[in-house]
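Please read the structure below before turning to the comments.
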Amino acid sequence: MKTVEIKRLGAELGFSAVGIAPLERNPHAAELDRWLADGHAGTMTYLKRQAEKRKDPRLVMPGAKTAVVTLTNDYHDVLGERLEQLATAIRALVPGATTRCYVDAGPVPERELAQLAGLGWIGKNMMLIHPEIGSFTFIGVVLTDAGLEPDLPFEADRCGTCRRCLDACPTQAFAGPRDLDARACISYLTIEHRGEFTATQAAQVDDWLFGCDVCQDVCPWNVSFARETLDPGFAPRPDIARPDVGQLVTMDEHDFERRYDGTPFTRPGHRGMRRNAAAVVLTPYPPLHDVERGDDL
Ligand code: B12
Ligand code: SF4
Ligand code: SF4
């Protein structure tokens with residue numbers, strides 16, 4: 001009953017889907033180990049540091065028994081607030097229960113938990129695909145020790161013989177189905193990679209300034225089901241949706257912070273976004289020390 005009530009509250013809060021996963025050892029721990037050993041994580045060293053917890057999410061919050069997993073079809077700042085509201089509702093419903101919320105940043109294997117919570121399957125592009133809303137979703141997780149009844153895992157693999165995502169990737173970043181070498185992925189290069197680009201990396205980035213969605217755009221499950229969000233909390237900001245690439249190359253740190261504070265561009269930061277913009281316009285950019293203090297990129 002509590003589970004039904006939590007799902008109802010989740011829908012009321014604006015989540016597209018909510019499911020409950022049991023916390024147990026990650027059934028795909030070996031895949032994670034192999035992926036890391038192959039060097040596919042590039043400079044994302046935090047993934048190695050967090051590996052033990054990703055392989056056994058019970059270590060993330062001792063005493064936690066289940067994960068309440070949510071899907072939302074847009075960006076995580078708003079999602080974080082909603083997730084806190086859902087956690088508050090769980091604590092109110094189960095007196096004495098404790099909760100911890102995670103969106104993207106923590107050591108939680110989010111796609112695994114979403115599949116275990118029955119919210120969809122992991123596609124060949126590694127995305128969690130919900131059969132009715134596709135894969136343009138963000139996953140939010142509330143770990144809790146409240147005694148909740150878990151859902152059944154989503155066992156089917158609805159990719160079948162399709163391989164559109166693997167073939168469409170502009171940089172052929174997939175070593176195989178469900179095996180992405182992040183080092184060649186435009187999303188990794190433009191958002192997570194630390195350091196300057198080599199000539200090869202700059203060429204791979206081509207005209208992608210920030211992230212890439214090709215392996216989702218071509219997926220039949222998105223072509224059929226993905227819907228643009230109507231949620232006002234996620235309305236696109238024109239300065240982010242269509243930034244002036246030429247300006248970004250020369251923008252100083254102060255100006256960057258003024259314009260992009262609180263946006264996803266702060267993840268690569270001023271240096272990273274200038275580097276991306278320079279790769280897009282393929283022109284050398286002014287030496288960094290002229291315009292900003294050094295940081296650890
Ligand atoms: C590191 C990371 C990246 C890296 C590496 C991506 C990757 N494919 O691993 C980079 C920077 C490239 C990246 C890119 C993107 N990311 Co990202 N990323 C993460 C992060 C922080 C960790 C993922 C991770 O651990 N990767 C290592 C791999 C080995 O683990 P895994 O992805 O969990 O995969 C497991 C399963 O595939 C499983 N497995 C293997 N074989 C099989 C077979 C079966 C049958 C099953 C069931 C499972 C299974 O084993 C793996 C290990 O447990 C998560 C958030 C989180 N905390 O989990 C977000 C996350 C995965 N990213 C997300 C998003 C949205 C993106 C982008 C779309 C962003 C963009 N537009 O640019 C792209 C998509 C690229 C892609 N096709 O994957 C979302 C995905 C939502 C969804 N619906 O799936 C997440 C969950 C963040 C969030 N909270 O919403 N990301
Ligand atoms: S996000 Fe783009 S570059 Fe990365 S795997 Fe998907 S299609 Fe390839
Ligand atoms: S494009 Fe095809 S193979 Fe790739 S995730 Fe979608 S259904 Fe699966």
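The values are calculated or read from the model by the stated rules, or taken from the named source; none is laboratory data. What you see is a predicted model; the values in this text were computed from it and never measured. For neighbour counting, all protein chains shown are included, and Cβ atoms are generated from backbone atoms with ideal geometry for every residue, glycine included. Just the protein is used for accessible areas: all its heavy atoms, side chains included, with ligands, DNA and RNA removed. Shrake-Rupley method; radii C 1.70, N 1.55, O 1.52, S 1.80 Å.
Structure notes:
- Hits in the range 155-170 (condition: part of a loop (DSSP other than H, G, I, E, B), open to solvent by 20 Å² or more (accessible area, probe 1.4 Å) and more than 8 Å from ligand 1 (Cβ to nearest atom)): E155, A156, R158, C159, G160, T161, C162, R163, P170
Residue-by-condition table, conditions (1) surrounded by 20 or more Cβ atoms within 10 Å (Cβ to Cβ); (2) under 25 Å from I186 (Cα atoms); (3) touching a strand residue (DSSP E or B) at 6+ places or on another chain (Cβ under 9 Å):
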{"position": "T3", "(1), (2), (3)": "no, no, yes"}
{"position": "A11", "(1), (2), (3)": "no, no, yes"}
{"position": "L23", "(1), (2), (3)": "yes, no, yes"}
{"position": "A30", "(1), (2), (3)": "no, no, no"}
{"position": "A41", "(1), (2), (3)": "yes, yes, no"}
{"position": "K48", "(1), (2), (3)": "no, yes, no"}
{"position": "T70", "(1), (2), (3)": "yes, no, yes"}
{"position": "L86", "(1), (2), (3)": "yes, no, yes"}
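- L93 being open to solvent by less than 10 Å² (accessible area, probe 1.4 Å) and either farther than 20 Å from R158 by Cα or under 12 Å from the mean Cα position of the chain (by Cα) (or both): no
- Within the range 105-125, residues that are small (G, A, S) reach partners that are assigned to a strand (DSSP E or B) and within 6 Å of ligand 1 (Cβ to nearest atom) with beta carbons closer than 7 Å, at six or more positions or on different chains, in the pairs A114/L128; A114/I139; G120/L128.
- Residues that are out of contact with any strand residue (DSSP E or B) (no Cβ under 9 Å at 6 or more places or on another chain), over 12 Å from A41 (Cα atoms) and in contact (Cβ under 8 Å) with a residue 24 or more places away in the chain, drawn from the range 173-186: A175, P177, I186
- Condition check for P236: under 28 Å from F174 (Cα atoms) and either within 13 Å of ligand 1 (Cβ to nearest atom) or modelled with pLDDT under 90 (or both): no
- Here T200, T144 are screened, and the one residue that is of a type in the set (V, I, T) and either within 16 Å of ligand 3 (Cβ to nearest atom) or more than 24 Å from E84 (Cβ to Cβ) (or both) is T200.
- Test: L113 is more than 12 Å from ligand 1 (Cβ to nearest atom) and hydrophobic (A, V, I, L, M, F, W, C): no
- Restricting the range 185-215 to residues that are farther than 13 Å from R267 by Cα and near ligand 2 (Cβ under 7 Å from one of its atoms), the residue that is surrounded by the most Cβ atoms within 10 Å (Cβ to Cβ): C215
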